[in-house]
Amino acid sequence: MVFSEYLSAAKGAIAHVQSQVRYRGLNTGGGWIRDPLNVPQKFAARITSLNMARENRIAMQNSNAGWDNFVDQWIREAITSQTGNCCELSAVAFRHLQRQGIRPVEFFAVYRGSWNHAFVVLNRDQSVPVRDFARWSRFAIVCDPLYDRAGDAGFLSTWYPRMFPLRDSDVKLVSA
């Protein structure tokens with residue numbers, strides 16, 4: 001695949017998420033502004049999502065579940081509750097891209113102190129360490145369904161400046 005095909009796949013994944021999860025980003029102001037007439041439904045969806053997340057975290061903390069299991073759980077939460085934040089929405093996009101045969105594709109979760117965010121990265125050279133952003137970002141594509149962003153991974157430093165410099169210990173990956 002070439003750069004433009006990865007970009008098209010990322011845009012397709014965002015459209016897929018939009019078709020699967022009605023209320024996106026109810027932990028952001030933008031999520032509440034979308035569909036302003038559906039505020040009662042959003043409250044119900046958010047409460048369902050929070051309850052599912054709490055129950056699932058309790059169940060998974062006593063298992064040997066890895067990040068791949070969390071991705072599948074976040075998908076169930078998003079589809080069942082019809083809402084999701086960055087982790088849930090990125091999980092839906094990640095599995096969609098996997099089913100489409102897009103490789104390489106990675107679910108990225110970045111934890112930096114009190115700030116965290118999840119998104120999907122396509123076409124990252126996985127032999128390059130995550131911390132070497134300048135080397136891997138050149139040909140990679142970001143798919144961020146929370147903010148409807150699909151674009152050159154170089155924009156990560158503009159979109160999310162608090163996640164830099166990247167450190168291996170801050171990033172959790174699920175790769176395909």
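General observations
- Per residue value of the accessible surface for the chain (all protein chains in place, 1.4 Å probe), Å²: 49 Å²
- Taking all protein chains together and a 1.4 Å probe, the residues PHE164, PHE155 rank PHE155, PHE164 from largest to smallest accessible area.
- Given a 1.4 Å probe and the protein chains as shown, THR158 ends up with an accessible area of around 100 Å².
- Among the chymotrypsin sites (Phe, Trp or Tyr not before Pro) in the range 1-57, none sits in a DSSP loop with a Cβ that has at most 11 other Cβ atoms within 10 Å.
- Apportionment of accessible area to carbon and sulfur, the range 61-162, percent (1.4 Å): 46 percent
- Entry for semi-axes √(5λ) of the Cα gyration tensor in Å (calculated from the structure that is shown) out of [x] 28, 20, 18; [y] 26, 18, 16; [z] 34, 20, 14: [y]
- The residue among GLY31, ALA109, ALA10 whose Cα reaches farthest toward the positive pole of the charge dipole of the range 1-159, with charges on the beta-carbon of Lys, Arg, Asp and Glu, is GLY31.
- Cα long-axis angle, helix 3-20 against the chain (0 to 90 degrees, to the nearest 10): 10 degrees
- Antiparallel content of DSSP bridges confined to the chain, in %, to 5: 90 percent
The values are calculated or read from the model by the stated rules, or taken from the named source; none is laboratory data. This structure is a prediction, so every number in the text was calculated from the model and none was measured. Here the Cβ is made from the backbone with ideal geometry for all residues, glycine too, and neighbour counts use every protein chain on show. Heads up: the accessible areas ignore ligands, DNA and RNA and are worked out on the full protein's heavy atoms, side chains in. Shrake-Rupley method; radii C 1.70, N 1.55, O 1.52, S 1.80 Å.
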